[in-house]
């Protein structure tokens, strides 16, 4: 089928109640269209008729005035002849009576003329109004037609673009398949690259919280990181040819996590952070609707912001990083409203922006979605979200002045930590998540933790929650990694 056969322009549809939406003509348009000829005919008849009547009225008025003058003179003369001996006073009265009668007749004729003029002026006004209405309806018709033509042209253009895009993707896919079939070495390269990506994902799994500060680099970690760099060179060299979008996404995310770990464990040079940020951006370009890619990019920007000193955080460049992180995390939640990591990190940004109430709201909203969040995400982020929410409430406690408000906040802090512990023990049953909960609680209970300054009763209750044994499973020993600072981001 040719292109001309495939593209169908929208056919004209009959107007009326059965016409499709966008092509139907409204009732007032139909009435105006049908009444247009009537108004035009009335105008062509009424205007000449009105001009003739005015001319006739002027002529009649002049003739009537002459007739009245003649009658008045004749009456005066007849009265004079009839009463030749009448006195001057009687004659004056007769003349005044005759003049008064003539004036009344003139006024009567003038009133009739004004009434006639008013009637025909009203008729002409209605005719003019009808003409305006008809013109307005015509303009509406033309505007409606222009809109319909514009929509049809836009739809045709969209169909053409979609067709071109689909054909391009199909041709590119066929070209890749042809290259792989004609050049077996390409297939071998693809298998080798996929193996390298799998190894990279094993070294830096998505479940790993790379935001935690790890011990400084040593010989083993340096060898491992250099091996990643060599693997990267091999992968990137052929990735564009042998990888599809799905595997490119995995590659870019794994490389972003590897450079973020390198940034966290090394000397924190901007080179590693920038490369991690760019790889996350490449992941978004390859899969714009992937929530993890947006979250990863936002968290990398947030970690780079946290690494700056207090003076550096006030500069425009570093502030832009925080704003960029906020935009990326909001986009992450638009794509996946159940991304627990997106809620966790976005709440941290709002807390840094001194918008603690929004941080609390986001954390509470996230905890209200536990039944919709995947288990892997719960294991990684639930302890952080719950303990961070308790920390935000503890900050609210320190700012509160009313005793009743302080008591309410203390109760909320204990309830949040207890509910999280109960969920981890009875529902999630994940030793990894239990470990994270215990570690976070003990960190915040320290002298410089966010639970400082709470009443002794509240502090004791939190210590019991942190130190009580888990009845449904044992907790493994603490990891050797140094504790993450309070409110730290997590990929």
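The values are calculated or read from the model by the stated rules, or taken from the named source; none is laboratory data. Keep in mind that what you see is a predicted model, and the values were worked out from it rather than measured. Note that each Cβ is placed from the backbone with ideal geometry, even for glycine, and that neighbours are counted across all protein chains shown.
Figures for the structure shown
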read-out	value
Selection from segment 283-303 of residues that are part of a helix (DSSP H, G or I), touching a helix residue (DSSP H, G or I) at 6+ places or on another chain (Cβ under 8 Å) and farther than 22 Å from residue 317 by Cβ	283, 286, 291, 292, 293, 295
Subset of segment 304-317 that is assigned to a helix (DSSP H, G or I) and touching a helix residue (DSSP H, G or I) at 6+ places or on another chain (Cβ under 7 Å) - its residue that is surrounded by the most Cβ atoms within 10 Å (Cβ to Cβ)	304
Residue check, residue 407 over 24 Å from residue 469 (Cα atoms) and assigned to a helix (DSSP H, G or I)	yes
Output for segment 357-377, where each listed residue is in contact with a helix residue (DSSP H, G or I) (Cβ under 6 Å, 6 or more places away or on another chain) and either farther than 15 Å from residue 412 by Cβ or without any contact (Cβ under 8 Å) to a residue 24 or more places away in the chain (or both)	358, 362, 366, 373, 377
Test result for residue 372, over 34 Å from the mean Cα position of the chain (by Cα), surrounded by fewer than 16 Cβ atoms within 10 Å (Cβ to Cβ) and over 24 Å from residue 470 (Cβ atoms)	no
Top-ranked residue in segment 78-114 [being assigned to a helix (DSSP H, G or I) and at pLDDT below 55; ranked as surrounded by the most Cβ atoms within 10 Å (Cβ to Cβ)]	79
Those residues of segment 469-484 which are within 21 Å of residue 388 (Cβ to Cβ), surrounded by fewer than 12 Cβ atoms within 10 Å (Cβ to Cβ) and either modelled with pLDDT of 50 or more or within 43 Å of the chain's Cα centre (by Cα) (or both), in sequence order	482
Qualifying residue in segment 331-349 (condition: free of Cβ contacts under 8 Å to residues at least 12 places away in the same chain and not in a helix (DSSP H, G or I))	no
